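Structure record follows, encoded as structure tokens.
The values are calculated or read from the model by the stated rules, or taken from the named source; none is laboratory data. Predicted model only: the values in this text are computed from it and were never measured. Here the Cβ positions follow ideal geometry from the backbone for every residue, glycine too, while neighbour counts run over all protein chains shown. To get the accessible areas, we keep the full protein, side chains included, count just its heavy atoms, and leave off ligands, DNA and RNA. Shrake-Rupley method; radii C 1.70, N 1.55, O 1.52, S 1.80 Å.
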Amino acid sequence: MPTVRDLRAKAGKEPITMLTAYDAPTAAIVDDAGVDVILVGDSVGNASLGYETTLPVSVDGIAHHVGAVSRAAEDALVVADMPFLSFGVDEKDSLENAGRMLKEEGAEAVKLESGPHTVELTETMVQLGIPVMAHLGLTPQHVNQYGGYPRQGTDREAADRILDLAEAHAEAGAFSLVLEHVPSNLAAEVTDAIDIPTIGIGAGPDCDGQVLVFNDAVGLSEWSPSFSRQFGAVRREMERAVGDYVSAVESGSFPADEHSHEESELDEFY
């Protein structure tokens, strides 16, 4: 299983691959495919739980999914996404919530949607042995502040804030940085400025790696953001399979003889 040190060593040599997963079967598929990092994202709220945003996802909820993924992943680095208000409010609670993901659920690191308030917290977590992946640019937990999911860092002042925060989190000990929905030239500038790997989502090709939500990558979502790409048509195949099942049951072709058996000893009861 790779460590955060392995991930840092890989940067600059070969692109880092990261996908989300929320359950054991999906994690096993992602792991077997050779993906470097599995992020148990709070995107589970949108992708699997039917919420409109990530905000309702709880610590207990994310822990449940982290445990399932950790039990299935043998080679990928498992990162637990810390949900809204699970960190940054009270330091003791922040450390306990993050530590639980490693100590009880089997994650190797946590991800924090970052800002000025997480620099000192990142340093404290790292000192205590909790590896931290930072996250800048579009941070979905701030959806109410942004009024949606707009691109970030689009003017020099906003870009400089992201660059400054990237450098601050690298200095605080973060082992990597997710850059989401920022201009590609800003992502290239940040990647060049810091000595930890950058992992982009909607941030162009110059990051040290890329991440997508699993549902978007395999074509399970009804809608995908413009910066993602569907590498499969899983939703279409699932719809076909379920439709075939319904037809087979209704027509009586399932179950067939080969799908059941009789016990001769039971004949005397009928």
From Val143, Val178, residue being part of a strand (DSSP E or B) and not small (Gly, Ala, Ser):
Val178
So Gln210 ticks every box in (1) open to solvent by 70 Å² or more (accessible area, probe 1.4 Å); (2) in contact with a strand residue (DSSP E or B) (Cβ under 7 Å, 6 or more places away or on another chain); (3) in a loop (DSSP other than H, G, I, E, B) but one. Which box is left unticked?
(3)
Search result, residues across the range 51-85 that are assigned to a loop (DSSP other than H, G, I, E, B), buried (at least 24 other Cβ atoms within 10 Å of the Cβ) and without any contact (Cβ under 8 Å) to a residue 40 or more places away in the chain
Val57
Could you grab me the full set of residues in the range 113-156 that are over 21 Å from Val4 (Cβ atoms), open to solvent by less than 10 Å² (accessible area, probe 1.4 Å) and of a type in the set (A, V, I, L, M, F, W, C)?
Leu138
Can you tell me which of Val234, Val249, Val213 is in contact (Cβ under 8 Å) with a residue 60 or more places away in the chain and of a type in the set (Val, Ile, Thr)?
Val213
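Per-residue answers, yes or no, for (1) farther than 19 Å from Val211 by Cβ; (2) of a type in the set (A, V, I, L, M); (3) modelled with pLDDT of 95 or more; (4) over 15 Å from the mean Cα position of the chain (by Cα):
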position	(1), (2), (3), (4)
Gly12	no, no, no, yes
Val40	no, yes, yes, no
Val69	no, yes, yes, no
Pro83	no, no, yes, no
Asp93	yes, no, yes, yes
Arg100	yes, no, yes, yes
